[in-house]
């Protein structure tokens, strides 16, 4: 099957590499042909490193690159069986692009968006044949990250879902199925990792280095929340939070933080600009954390219980299955354990007690306990 990739940024070029590595002819399109050439040059250099390490032969690398056609004309998508869009997170722009695509491709071509949080139903509504549209959300970098969220819209046909999932499975990706709701699984359930860390900072309970230390050294997370926000980009992370917040009718659980908003406004976006929550200028000494274990345990317990509560709520609203929620969080964000499995280890009743303590302390709806956690505690049940 011929695969079309729309957008030659890091995500689009990564998906193009994955598709080409599994033998597909790929059309990598961007309105700016220079962006396509830059993407292919970067891909070639990355593959050269694999060749140097003996993880890929030179012939395999040449064959892979040769299967990718550079393009700045949408008409080159003629004959594609699947097109994956990976452009700016702007709903109106995406809808315009999908409408135009439909006038070029054949009736049996599936149209997919790599959006991380926008409505697939809204994108599909721009198409006359909306049953061919689906969400296929890769994680960056696409060649390395195994997880892919598959998101059928209300219009998506069963055939489109089965075909699209089959293709991504054949690329040896780990697929999870999620409802078309803001943030899907990962970007919804992960919000407290950032939001509660920012809340703790803004309350003056701990500084950024101490919060990061607590989550990595005591919690076993690969990165602390502030290091991760700087890695993702404070502009991107804030925008996703803001999108989820507004899409959930301003539910206080997803309320963005002014601290991150001001950093984004100042251009302190993280590693890509040299400054974010941390200063990455050469020679700059990073702040030392307060390694008080009591403080660290408070930080870790508070962020973890908020994550568990969010995962339980996603299951309560049938956003995804128990297994897909835990799989997504371990493989999309590299959490050390599945959150629902973690809840069982802590004890469901203990989870409810911790949420109730937060609510009693703050009296904010942000800290309401998931109905599912409360029901399970009452019935003495566990997730596994």
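FYI, it's all coordinate maths here, none of it is from the lab. Keep in mind it's a predicted model, so treat the numbers as computed, not measured. Cβ placement follows ideal geometry from the backbone for every residue including glycine, while neighbour counts extend to all protein chains displayed.
Highest mean packing comes first when the peptides 310-320, 351-361 are listed by Cβ atoms within 10 Å, giving 310-320, 351-361. With respect to the chain, whose longest principal axis is taken over its alpha-carbon atoms, helix 293-316 is tilted by about 60°. The mean sequence separation of alpha-carbon pairs under 8 Å and at least six residues apart, normalised by the residue count of the chain, gives a relative contact order of 12 percent. Please report the antiparallel percentage of DSSP beta bridges with both residues in segment 100-191, rounded to the nearest 5. The answer is about 40 percent antiparallel.
Assuming 0.36 nm per residue, please report the length gained on full extension of the stretch residue 363 to residue 279 beyond their Cα-Cα distance.
26.7 nm
Calculated FRET efficiency, residue 70 to residue 159, Cβ-Cβ distance, R0 = 25 Å: about 0.20 to the nearest 0.05.
Could you tell me the calculated FRET efficiency between residue 265 and residue 236, based on Cβ-Cβ distance and R0 = 22 angstrom, to the nearest 0.05? Each step should come with its number before you reach the end.
Working: r = 14 Å, r/R0 = 0.64.
Working from the Cβ atoms, E equals 0.95.
Can you give the angle from 0 to 90° between the axis of helix 322-332 and the longest principal axis of the chain, with both taken from C-alpha atoms, to the nearest 10? Approximately 80 degrees, to the nearest 10. The separation of segment 61-86 from segment 264-296, counted between C-alpha centres, amounts to 40 Å. Net length available on complete extension from residue 144 to residue 379 is 80.5 nm, with 0.36 nm assigned per residue and the Cα-Cα distance removed.
Over segment 3-177, Cα pairs under 8 Å with separation of 6+ residues give a relative contact order of 21 percent. Computed over the alpha-carbon atoms, the chain gives an Rg to Rh ratio of 0.99, Rh here being the Kirkwood radius from the mean inverse distance.
Based on Cα atoms of segment 228-323, Rg over Rh with Rh as the Kirkwood radius reads 1.05. Compared with the dominant Cα axis of the chain, that is its longest principal axis, helix 33-52 is turned about 70°. Pairs of alpha-carbon atoms within less than 8 angstrom and 6+ residues apart define the contacts here; what relative contact order does segment 188-379 have, in percent? Across segment 188-379, relative contact order equals 24 percent. Each label was represented as a point 7 Å from its Cα along the Cα-to-Cβ direction; for residue 34 and residue 272 these points are 1.8 nm apart. Once the C-beta distance of residue 46 and residue 104 is scaled by a Förster radius of 22 Å, the resulting FRET efficiency is 0.15 to the nearest 0.05. Between segment 115-153 and segment 355-384, the C-alpha centres lie 32 angstrom from each other. Looking at segment 3-177 alone, DSSP beta bridges between its own residues are antiparallel in about 20 percent of cases.
How much length is gained on full extension from residue 55 to residue 293, taking 0.36 nm per residue of separation minus their Cα-Cα distance?
Stretched out fully, the residue 55 to residue 293 stretch lengthens by 81.4 nm.
DSSP beta bridges confined to the chain are antiparallel in about 25 percent of cases. When you count the other C-beta atoms within 10 angstrom of each residue and take the mean per peptide, 336-343, 284-291, 179-186 line up highest first as 179-186, 336-343, 284-291.
Scoring 201-208, 228-235 by mean Cβ neighbours within 10 Å over their residues and listing the highest first yields 228-235, 201-208.
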